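The next block holds one structure in the form of structure tokens; read it before the comments.
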Amino acid sequence: MSTRTSWADLAANSAAENVTAGSSANNGAAGTTSAPGRSTYVPPHLRNRPASSDPPAPAPAPAYNGPVASNDRPGYGGGSRWGGPRNDFNRSGYSGGRAGGWGGGRSGGWDRGREREVNPFEDEDDTEEQAFNEQENTGINFDAYEDIPVETSGDNVPPAVNTFAEVDLGEALNQNIRRCKYVKPTPVQRHAIPISLGGRDLMACAQTGSGKTAAFCFPIISGIMRGQAPQRPVRGARTVYPLALILSPTRELSMQIHDEAKKFAYQTGVKVVVAYGGAPINQQLRELERGVDILVATPGRLVDLLERARVSLQMIRYLALDEADRMLDMGFEPQIRKIVEQMDMPPAGVRQTMLFSATFPKEIQRLASDFLASYIFLAVGRVGSSTDLIVQRVEFVHESDKRSHLMDLLHAQRANGVQGKQALTLVFVETKKGADALEHWLCINGFPATTIHGDRTQQERELALRSFKTGNTPILVATDVAARGLDIPHVAHVVNFDLPNDIDDYVHRIGRTGRAGKTGLATAFFNENNASLAKALAELMQESNQEVPAWLTRYAARASYGGGRNRRSGGGRFGGRDFRRDSSFSRGGSDYYSGGSSSAGYGASGGYGGGGGGGGGGYGPGVTSAWD
DNA sequence: AAAAAAT
């Protein structure tokens, strides 16, 4: 009878498989960085002497060879765990507040930062968490990787590696990789790490949850560890000079990246600090003053810090944009341009730049190429997500029936609940008001729900997310703030209560389930208001071997007027196709570099066959790839 | 038209 029941079964199964509560990172990989031969400029960290010339931007104080500047830390002495005493920072006003036992002494500066460093692995001691980790790492089906389509294009693409051992990341980082129980690099890591270690710029399409964070963190951390201890200029005692900047579009995602990066950087001497809005700035300022090598930030707060001259980007060696296509869309682009092009950041080609996202529309690739120099494009099929591991269903539900329909799904799911725990269900809606309304309605109908959206305070947002992750509140109603990047283990079911207008947003939303090799279920409520999405949705589902309802196919055919806008970005699977290879963009060999080699990775995997080719459209003639 | 992001 009703297919509904079987969906609930799916969700329940998925939940059973995933258990509940607790969260853990599931990225993993390795890398190091060196950047040989980029024209004539030799990055400071590759010199065997202190950087003393051509600073990227005029420094107020040329005193580079003087004593190490205020917020510098001593060298990352090779391999030595305690790299030596840390200079005291110029933070006269620092008044503890946090630590006990670190008495006001600003004296010896015996590296309190590091000694105080919280062991990020401690909380994983409990067996349950341990079990998750084991499961998650062995749980990823590594054999299946051989079937994951990979495409690279660009000049002299460094070959992929098969193990972490093949790349020299340094002992401290290797130890953290072991602590994270990362056995083998994921596909995106296998390719991105050597590219990054080779000093190359990178534009990478890969789903979050496939190991993306580690793919850009490892080379950055390794590169900083190996680099010459930076001689940072003195601008003002309170200005800090991070060596790496990681930007992301939401506060929660920045927090998540920060948490992961802290694990990877544990006892490496590399300091990771996060800055985002909605939280008191003073505490963030104090953290910054204690020294920062890698700054993770959301754009607004960073601009604030830059304008206050509390942060300078002059020493940036690495720039990473996570969810890069979102960062460059209309809402964010001006801020990003300001940060990257109009402050004191070294230009493309001097710094190393890495852009990551699961989706990369052509137009955005074109914008993004401003930030890159002779970059390599990498597209990796997802480990799980929207391909095999997520079962996608679309139901025709009139606007007025949505609530009761959702209720039916939840009821069935609860009936099938495992171990008395309800499966985690993430419900996406279009508006903030709609989120509040639905949350309220669910609560008064006996379903414990909470909500996350931009009108809530940061405290409320974080509480909601925590409560959901732990299973305390097994239903989370969210706007697109939660659509990207968030790694919430054990989400069994994503419901698109309101479908997004953009197919890429759909891809990101359903990517919140089916992570790290787990199965997941994604249900969408479709009605006449979503006509413009029909074509792209039907194509996407077909590409990922999903059952496409006949009525949706009819809608898709009818709704050809929806045309251009919602077509799959670039026509490729996973939004992954180098725009430079599209004839309409290759303007007669100008700076867009026409040469590049291109290769399709391991096996054009029959499994991914299925003819997306025709529908997506728009390729230049004669272009082939693993996905064609 | 909506969401996100600084105060």
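Annotations
- Amide H within-cut-off set for A:ILE246, under 5 Å, with H built and near neighbours excluded: A:LEU295, A:VAL296, A:ALA297, A:ALA320
- If R0 is taken as 41 Å, the Cβ-Cβ distance between A:ASN156 and A:GLN342 corresponds to a FRET efficiency of 0.85.
- Amide H to amide H, with H built 1.01 Å from N, A:ILE390 comes under 5 Å of A:SER385, A:GLY520, counting only residues 5 or more places away or on other chains.
- Pairs of Cα atoms in the range A:470-552 fall into 5 Å distance bins, from 0 up to the last occupied one, in shares of 3, 13, 25, 27, 17, 10, 4, 1 percent.
- Extension gain, A:ALA437-A:ALA165: 0.36 nm per intervening residue step, less the Cα-Cα distance, totals 92.7 nm.
- For A:THR451, residues with placed amide H under 5 Å, excluding near neighbours: A:VAL477
- Summing charges over neighbours of A:TYR276, with a neighbour being any other residue whose Cβ is under 9 Å away from its Cβ, gives +1 when K and R count +1 and D and E count -1.
- Ranked by the mean number of other Cβ atoms within 10 Å of their residues, highest first, the peptides A:174-183, A:289-298 come out as A:289-298, A:174-183.
- Each peptide in A:237-247, A:153-163 was scored by the mean count of other Cβ atoms within 10 Å over its residues; highest first, the order is A:237-247, A:153-163.
- Candidate lysines - alpha carbon under 26 Å from A:LYS212, same-chain residues fewer than 8 apart omitted: A:LYS181, A:LYS184, A:LYS262, A:LYS263, A:LYS271, A:LYS338, A:LYS362, A:LYS469, A:LYS518
- When the alpha carbon gyration tensor of the range A:148-202 is reduced to an equivalent ellipsoid, its three semi-axes come out at 22, 13, 8 angstrom, largest first.
Just so you know, all these numbers are worked out from the coordinates, no wet-lab data involved. What you see is a predicted model; the values in this text were computed from it and never measured. Reconstructed Cβ throughout: ideal geometry from the backbone, glycine too, with neighbour counts over all protein chains shown.
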